[in-house]
Amino acid sequence: MKKRNKVSAEFSMSSLTDIIFLLLIFFMLTSSMVQINMPLPQSSSTVVAPTDLSVTIMKNGKITVNGKPSSSATVEKDIANAVRFSDNKKNATLNIIAESGVTWDKIHPLIKLASGLKIKAIIATQAPSGKEK
């Protein structure tokens, strides 16, 4: 007498992992192509936050750190030096003042840098149209 071959009830996960991997690659590639280009927010808030450091970004690419000229290549070093020599190292605040029309991809690295230096970052806003002081 012969034994009957039993059918295995196992499920192969290899094809599922391939599909998930391809989806992951697809979303990683398409998300890097998306550009965020939005105007900076307006605010009617009258709260004035303390600012130890200020970075000004102009549409033409000109950057200043505490009023001193800087560049996109040296801005990280300039901010780190300003924090190092600040009187208020533990509660230092970086005020990012960007001209209207500056894209978010120029502001975001400064926020990441502030996070890396463990300081607060504030984006300066303007009053809504018609309510400027």
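The values are calculated or read from the model by the stated rules, or taken from the named source; none is laboratory data. Quick caveat, the model's predicted, so the values are computed rather than measured. Cβ sites come from the backbone with ideal geometry, for glycine too, and all protein chains shown count toward neighbours.
In the stretch 98-115, what count of residues is obtained for those that are surrounded by 15 or more Cβ atoms within 10 Å (Cβ to Cβ), within 20 Å of residue 59 (Cβ to Cβ) and modelled with pLDDT of 85 or more?
Residues meeting the conditions: 4.
Looking only at the stretch 33-84, filter to residues that are of a type in the set (D, E, K, R) and more than 16 Å from residue 110 (Cα to Cα); which one of those is modelled with the lowest pLDDT?
Per the stated criteria, the residue is 84.
Taking the stretch 66-97 as the search range and keeping residues that are touching a Leu at 6+ places or on another chain (Cβ under 8 Å) and either without any contact (Cβ under 8 Å) to a residue 12 or more places away in the chain or not β-branched (Val, Ile, Thr) (or both), which one is surrounded by the fewest Cβ atoms within 10 Å (Cβ to Cβ)?
80
Could you list, in sequence order, all residues of the stretch 60-107 that are assigned to a strand (DSSP E or B) and within 14 Å of residue 124 (Cβ to Cβ)?
Once the filter is applied, which keeps residues that are assigned to a strand (DSSP E or B) and within 14 Å of residue 124 (Cβ to Cβ), the stretch 60-107 yields 64, 93, 94, 95, 96, 97, 98.
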